[in-house]
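Each value in this text was obtained by applying a stated rule to the coordinates, not by laboratory testing. Since the model is a prediction, treat every value here as computed from it, not as a measurement. Here the Cβ positions follow ideal geometry from the backbone for every residue, glycine too, while neighbour counts run over all protein chains shown.
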Amino acid sequence: MVTGAGRGIGRAMAEALAGHGASVAVNDIVAERAEETAALINDAGGRAAAFAADVGQHAAVLEMAAAVEKELGPADLLVNNAGIPGSFSAFKFVDSQPSDWEPFLRVNLYGVLHCCHAFAPAMKERGWGRVVTISSEAWRMGTDYGISMYAAGKAGAIGFMRQLASELGHDGVTANCISLGELDNLPLPDDYFARYPVARAGSADDVVALLLYLVSDEAAWMTGQVLPLNGGLS
Ligand SMILES: NC(=O)c1ccc[n+]([C@@H]2O[C@H](COP(=O)([O-])OP(=O)(O)OC[C@H]3O[C@@H](n4cnc5c(N)ncnc54)[C@H](O)[C@@H]3O)[C@@H](O)[C@H]2O)c1
């Protein structure tokens, strides 16, 4: 199961997992995007099905998990990728209202909780599972971009994932986070990346390489970690 896989790195991760033989449940809040990703995978000879749902809605996620299990079987891998990006200058915290905060926490934090609640019990029961949450270096690097609630949601999900790793470690289920610097699908000028030791934006391929390791059998001893993938930024 890859959430938010209708475009961006979610799509790239879904395609890569399918390329390695996984049957992929493609989630997105925008149904057409999920269907397009599933079609790309199926047309390339892989196996995928689309499941439109808002990960910020617990009931919808439970319903989706039941549909996934019926169509593809129980999920062994959960990639929590769906996120509301930290729109630059969304708002400054001191000028904001609680109603401004809600969407960022609902998707970036509660979305992770909902999906783990829906998919992790079956992993625990079968004694094998991999949960990977896509986070952002915004969780620990201060900026003045106006992304305080994005950072709060991402940081909350990290704290949760580390506890989940402890709860499920005895059951063969690992839980890790990939904490990303800025990728090449953001509209940023090239000179922006001069601050990065590896002076370029990250790519979907960079993310896929780490994801494939984290979901492998070989990564059984890697859990509860927050892996920075950021061209050396931190
Ligand atoms: N692109 C970057 O530079 C960058 C940097 C750091 C972290 N990240 C994180 O990586 C993840 C993916 O980023 P991206 O750049 O590919 O984003 P994107 O906006 O291109 O794609 C995200 C997808 O998630 C879907 N989505 C949004 N809300 C959803 C919801 N409530 N339920 C289900 N699907 C939903 C969107 O429809 C979209 O198709 C996000 O969690 C983001 O915070 C990205």
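Approximating the spin labels as points 7 Å out from Cα along Cα→Cβ, the R140-to-A199 distance works out to 2.6 nm. For L188 and A122, the FRET efficiency from 1/(1 + (r/R0)^6), where r spans their Cβ atoms and R0 equals 25 Å, is about 0.05.
Cα axis of helix 148-168 to longest principal axis of the chain: angle in degrees, 0 to 90, nearest 10? Tilt of helix 148-168: around 40 degrees. Extension gain, E102 to N42: 0.36 nm times the residue separation minus the Cα-Cα distance gives 18.0 nm. R0 = 30 Å: FRET efficiency of F93 with H20, Cβ-based, nearest 0.05? The pair F93/H20 has a calculated efficiency of 0.10. The angle between the Cα long axis of helix 204-214 and the longest principal axis of the Cα atoms of the chain comes to about 50 degrees, rounded to the nearest 10. Among residues other than D76 with Cβ under 12 Å from its Cβ, the summed charge is 0 (Lys and Arg +1, Asp and Glu -1). For the pair E167 and Y213, a Förster radius of 30 Å applied to the C-beta separation gives a FRET efficiency near 0.85, rounded to the nearest 0.05. Measuring nothing but how far apart in sequence close Cα pairs (under 8 Å, 6+ apart) lie, relative to its length, the chain scores a relative contact order of 18 percent. What does the charge count near A201 come to, summing +1 for each Lys or Arg and -1 for each Asp or Glu among other residues with Cβ under 9 Å from its Cβ? Combined, the nearby Lys, Arg, Asp and Glu give -2. All other residues whose Cβ lies under 14 angstrom from that of K154 are scored, Lys and Arg at +1 and Asp and Glu at -1, for a net of +1.
Using only Cα atoms, find the angle between the long axis of helix 31-43 and the longest principal axis of the chain, and express it within 0 to 90 degrees, rounded to the nearest 10. Its long axis makes an angle of about 60 degrees.
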